[in-house]
Each structure stands twice: as structure tokens, then as C-alpha cells.
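Quick note: the coordinates plus some simple rules give every number you see, no bench work behind them. From a predicted model like this one, the values you see are computed outputs, not experimental measurements. Don't worry about glycine lacking a Cβ; one is built from the backbone with ideal geometry, like all the others, and counts go over all protein chains shown.
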Amino acid sequence: MSLKTHFDFPTCKTAYFSAEIGLSDDIPTFSGGLGVLAGDHVKAAADQELPFCAVTLLYKQGYFVQNLLADGTQVENYPVFEYEQELTQLPVRVKLPLEEEVVHVAAWLVIVEGVSGGKVPVIYLDTDLPENSPTARKITRRLYAGGKPCRIMQEAVLGFGGMRMLEKLGAAGIKTYHMNEGHTAFLTLELLRKYHDLDEVKKRCIFTTHTPIAAGHDVFEEQEVQRILGSLLSNGSAFEDGRLNMTRLALKSSRAANGVSRLHSQVSSAMFPEHKIGYITNGVHHLTWTSEATQALFDEFLSGWRTDPDQLLEADAIPIADLMAAHNHNKSQMLATINAKYGEEFEVDKLTICFARRAASYKRAGLLLSDLDRLSSICAGRVQVLFAGKAHPLDDAGKAIIKSIVSAADKLRGKVAVAYLEGYNMRLGNLLTSGADIWLNNPERPKEASGTSGMKAALNGALNLSVSDGWWAEGGQHGTNGWTIDSLEGHYEQDADNLYTLLENDVIPTYCNNSSKWGQMMKASIRTAAGFTSHRMVKEYSDKYYAR
Ligand SMILES: *Cc1c(COP(=O)(O)O)cnc(C)c1O
């Protein structure tokens with residue numbers, strides 16, 4: 001077959017492995033924050049013309065498409081996306097012995113082009129091939145689905161299969177393997193098979209950990225791993241107490257490890273005290289996460305911001321009237337789209353609070369709705385609220401959160417308009433982060449390792465109203481670029497009270513009575529966003545760890 005797109009793999013010096021990479025909704029092989037962050041990392045590497053490539057899996061059915069019934073019940077659909085239109089299959093195969101079967105692995109390619117013409121290839125590994133057994137064909141079918149054996153196989157295809165694929169493609173110049181989250185750590189065992197020496201492996205690997213939540217770290221039973229990987233394991237050094245912890249494997253096989261914010265590095269260091277865990281705070285891709293109107297505004301007043309997003313520091317140069325006009329355009333577009341779909345009446349002149357994130361208990365989506373009478377008395381006639389976010393298909397508590405918000409929305413009808421929008425994806429994320437007045441974030445501190453949606457909101461001039469967790473513990477300046485909700489671990493009601501008080505005394509009065517202060521705060525928010533771009537993040541990784 002002829003290649004529509006050729007890439008010169010021997011030039012690559014850094015290989016970035018991630019179980020999910022979210023470049024756009026047209027390639028929906030991501031579930032949320034981790035994948036979108038990985039996609040933004042790849043885009044910034046392309047912008048900076050780094051000798052870089054990325055490896056992930058091709059989930060033809062993606063994660064899932066979320067629909068909501070009228071009562072908020074989540075329905076999951078698994079359409080096969082049009083991967084043949086989006087990706088180019090490469091004429092190469094590698095083999096992997098998994099559970100007494102030789103699994104064939106194919107590769108699909110997309111080349112991400114940067115703002116100055118840099119090119120970064122992303123390889124999607126695929127086991128859905130006629131030469132594989134029905135079980136093996138399903139390995140890469142869906143993201144985060146199936147039981148532990150399926151997870152082990154997926155991670156084996158990613159780690160071992162990805163390394164073999166790179167070799168097959170001629171990527172012989174790779175100096176650094178960047179493991180994005182523990183799912184990728186089997187790559188270190190493939191390196192160990194090659195070098196037989198942990199120090200040689202460590203020289204070549206760096207690791208980024210993404211969650212302070214214990215359940216977010218893969219732990220597999222030794223017996224199960226032995227059964228599935230068998231001869232791929234050169235020795236038993238990966239196991240501790242009959243288990244394989246993928247985060248520990250990555251940590252002990254890397255020369256450097258990082259969390260995704262300052263606070264997260266402290267929490268991670270306490271979780272894994274025998275390892276040094278620094279941090280490079282996450283960032284978002286400025287060209288992906290600005291709306292058309294925001295981009296036009298920046299083109300006019302922040303020349304050069306496309307290639308050098310540090311120009312956002314000059315946001316004071318934007319006249320407030322132009323900033324407001326762009327914001328109102330973003331907000332109108334968002335509300336028109338939502339009103340058309342939901343038949344609701346969200347109004348442009350109302351303070352619009354948005355909360356979009358995975359429906360997981362620790363994110364506390366319901367905090368704002370914990371006292372509906374108080375909410376009505378503070379907000380009626382002035383405020384409206386939009387929620388979005390998926391619950392993992394097996395997370396019943398997360399699904400219950402969505403239903404409880406839909407039920408609260410019914411009770412508030414006629415007082416405060418509230419909607420839960422289905423199908424949170426990058427497109428909806430773009431609409432919400434650019435159209436929001438207030439971006440709300442109230443997790444149980446310190447469980448939000450970084451959070452990135454608030455950075456997207458800041459880029460477009462929205463104001464963050466957030467607990468001092470993740471990135472906001474670094475970026476937040478109370479009363480200047482947004483507001484910080486006081487929060488104490490385990491004090492749900494007190495936190496809710498703090499949130500209501502801030503809305504009543506600061507946020508709503510500023511919005512309603514002091515538009516010039518609001519405009520100044522929007523500019524401060526954009527200036528803050530300059531520090532939280534993937535441009536800055538990738539530059540830090542590249543300066544510290546990537547070979548040139
Ligand atoms: C940015 C983004 C996320 C991650 O946002 P958080 O603030 O980390 O929750 C998740 N899903 C989508 C679709 C996004 O665009």
C-alpha cells in the first residue's frame with residue numbers, strides 16, 4: 001500500500017506513550033482530562049518543532065457516547081468512529097505473545113502539524129485484525145472497558161507492542177521515553193529485556209503521574225500478569241508482595257518523575273515516599289482552547305500570540321469593550337446552541353456558571369445545589385447554571401450524581417435555570433469554557449491533581465471560582481483573577497456555605513454592579529492563562545528532559 005503520509009521516524013528523539021490521546025472529537029480515543037492533556041502536549045510539541053512522536057491505542061469504539069434520559073439516567077452508546085477517514089494504516093505489523101496466543105498488532109498514523117509547520121506523528125495500535133482470535137481482536141476495542149485481564153492486555157499492547165512498533169518503524173534515535181501515567185509502564189520491561197540493566201532503562205525513561213487517588217493507580221495480581229505476559233517478563237523484579245503496581249514500576253524505572261501541579265507533587269511524594277517526585281504543572285493548547293471570537297480578538301490586540309502565547313501576558317492592551325464584545329459573542333453562541341437543543345431559555349444577560357467535569361464523587365458537582373432554598377434566594381432572576389460531564393459506565397455513584405442534579409434542576413424551575421448537558425466532549429468543552437462567565441471547581445482538596453478546564457476558561461477570559469486545589473493553588477489570586485472558595489477536608493456543609501457566601505457577597509454584586517471591575521478581572525484571568533499553556537509545559541519538559 002502507498003502511504004498518504006510519510007514520516008521519517010529515525011529523526012524522533014522523544015517518544016511519548018499515553019493510553020489515551022485526545023486530539024479532536026473526530027478521533028474519540030480519550031475519556032477526559034488525561035487524554036485531552038496528552039493531545040495538547042502533542043500539539044505543543046508540534047508547535048515547537050520537537051523531534052517527538054507519540055504512541056497510543058486505537059479504540060475503534062472510543063470511550064462511549066453519553067446520552068441522558070429525561071430523569072438524568074446515563075445511556076452509553078459505542079459507535080465505531082470513522083477511523084479510516086481520520087487515520088492512515090501503516091504497512092507494518094508486530095507480534096506479541098499474550099496468554100498462549102500470538103497477537104498481531106497493526107499501526108495507524110496521524111501527523112499533527114504545528115503552528116510553524118512542525119510535524120509530530122501519533123501512532124495508534126490496533127489488534128482488531130482478521131488474523132487474531134475474537135478475544136484478541138477486542139483488546140483495543142474500547143477505552144477503560146473490560147476487566148483486569150483486558151486491561152493487562154491493553155497495557156501490554158501499548159508498552160511492549162508500542163516499543164516493537166517504534167523499532168519496526170525505524171525510530172532508532174529515541175533517547176527519552178516519556179510515560180504519561182502508569183498505564184504505559186510495560187515499556188520499561190521491554191527496555192529491560194533489551195538492556196538487562198535497570199540503570200540503562202532509567203537513563204531512558206521519565207514518568208508523569210496524574211492522580212492522587214489510590215484507585216487511579218493500576219494494581220494487578222502477579223499470577224494474572226504471569227499468566228497473560230508469560231515469556232514477556234524477563235524476571236520477577238516488577239512484582240512486590242504478589243502484585244504489580246504500574247505506578248511503582250514506572251517510578252522505579254525512571255530517572256525523573258513528576259506530578260502535574262505543585263500541590264500534587266507534595267501529595268504524590270507522600271504516597272510514594274521512597275521516590276523523588278517533582279512537578280511540571282499542566283497546561284492547555286492555546287490554539288485549541290480559544291474560540292473563534294477570542295482568537296480574532298487576540299489577533300487584533302496580542303500580535304504574535306499564536307506562535308508565542310506568552311503574549312497573553314499583554315492582555316491589558318485589550319480594550320474592555322472589545323473583550324466584552326468577544327465574550328458576549330462566545331456566550332450567545334453557547335446559549336443559542338443549548339437553547340436550540342434543550343428548548344430551554346437561558347439568557348445572555350444572566351450570570352452563567354458552568355461546571356463540566358467527570359461525574360466522580362470527589363468533584364462534588366452537587367455542592368452548589370446542596371441548599372436549593374439558599375441558592376434560589378441568592379440567585380433567582382440573576383444566575384443560571386450549566387452542568388456537563390460523563391460518569392464511568394461502572395461508576396454508579398457518579399451516575400447518581402447526574403440524576404440528582406437533573407432532579408434539583410426540576411425543583412429550581414422558574415427560579416434558577418439549571419441544565420445538565422449530555423455528551424461532554426471537546427466541542428462542548430470549547431463552547432462552555434469560552435461562553436461561561438464563571439467556571440466553577442469545587443473538588444475535595446487535594447484530590448484534583450491539576451484540572452485543566454479552568455485554564456481553558458481563563459484563556460477565554462472567564463473567571464474561575466475554585467477551591468485552592470491543583471493548578472488554582474498556583475494560579476488563583478482571590479479577587480483579582482477569580483475567587484478562591486475556602487475549603488476544609490471533610491467539611492462539606494461549611495464548604496457549601498463558603499461558596500454561597502462568595503456568590504452572594506462578591507461574585508454576583510461584581511457581575512451586576514461593577515462591570516469595569518469584572519472586565520479588569522477578565523484581563524487578569526487571560527494574563528494568568530499565559531502561565532498555564534501546554535506551550536510552557538512542553539518547554540519545561542523539553543528543557544529538562546528531552547534530548548535535542
Ligand atoms: C479539558 C477537558 C477535560 C479535563 O478538564 P478537568 O478540568 O481536568 O476536569 C475533560 N474532558 C474534556 C472534554 C475536556 O475538554
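Does any residue of region 489-501 turn out to be of a type in the set (Val, Ile, Thr) and either surrounded by fewer than 21 Cβ atoms within 10 Å (Cβ to Cβ) or farther than 19 Å from residue 40 by Cβ (or both)? Yes, region 489-501 has at least one match.
Quick check on region 305-318. Is at least one of its residues within 16 Å of the ligand (Cβ to nearest atom), in contact (Cβ under 8 Å) with a residue 12 or more places away in the chain and surrounded by fewer than 20 Cβ atoms within 10 Å (Cβ to Cβ)? Within region 305-318, none of the residues are within 16 Å of the ligand (Cβ to nearest atom), in contact (Cβ under 8 Å) with a residue 12 or more places away in the chain and surrounded by fewer than 20 Cβ atoms within 10 Å (Cβ to Cβ). Residues in region 420-440: is at least one crowded, with 22+ Cβ neighbours inside 10 Å, within 13 Å of the ligand (Cβ to nearest atom) and acidic (Asp, Glu)? No: zero hits. The residues on offer are 311, 333, and the sole one that is more than 27 Å from residue 351 (Cα to Cα) and either assigned to a helix (DSSP H, G or I) or hydroxyl-bearing (Ser, Thr, Tyr) (or both) is 311.
Inspect region 38-53 for any residue being surrounded by 18 or more Cβ atoms within 10 Å (Cβ to Cβ), assigned to a strand (DSSP E or B) and either within 16 Å of the ligand (Cβ to nearest atom) or aliphatic (A, V, I, L, M) (or both) and give the result as yes or no.
No, the conditions are met nowhere in region 38-53.
Counted as qualifying within region 161-257 are the helices (runs of 4 or more DSSP H) with 3 or more residues that are buried (at least 20 other Cβ atoms within 10 Å of the Cβ), namely 162-168, 186-195, 222-229, 246-252.
Quick grid of which residues meet (1) without any contact (Cβ under 8 Å) to a residue 40 or more places away in the chain; (2) under 30 Å from residue 266 (Cβ atoms); (3) away from the ligand (no atom under 12 Å from the Cβ):
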| position | (1), (2), (3) |
| --- | --- |
| 363 | no, yes, no |
| 372 | no, no, yes |
| 377 | yes, no, yes |
| 394 | yes, no, yes |
| 397 | yes, yes, yes |
| 404 | no, no, yes |
| 411 | yes, no, yes |
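Taking the conditions (1) buried (at least 19 other Cβ atoms within 10 Å of the Cβ); (2) touching a Pro at 6+ places or on another chain (Cβ under 6 Å); (3) of a type in the set (D, E, K, R) in turn, residue 76 satisfies each one other than (1). Might you let me know whether region 447-454 holds any residue that is among the small types (Gly, Ala, Ser), away from the ligand (no atom under 14 Å from the Cβ), touching a strand residue (DSSP E or B) at 6+ places or on another chain (Cβ under 8 Å) and touching a residue at least 60 places away in the same chain (Cβ under 8 Å)? Within region 447-454 (the criterion being among the small types (Gly, Ala, Ser), away from the ligand (no atom under 14 Å from the Cβ), touching a strand residue (DSSP E or B) at 6+ places or on another chain (Cβ under 8 Å) and touching a residue at least 60 places away in the same chain (Cβ under 8 Å)), the answer is no, since none of the residues qualifies.
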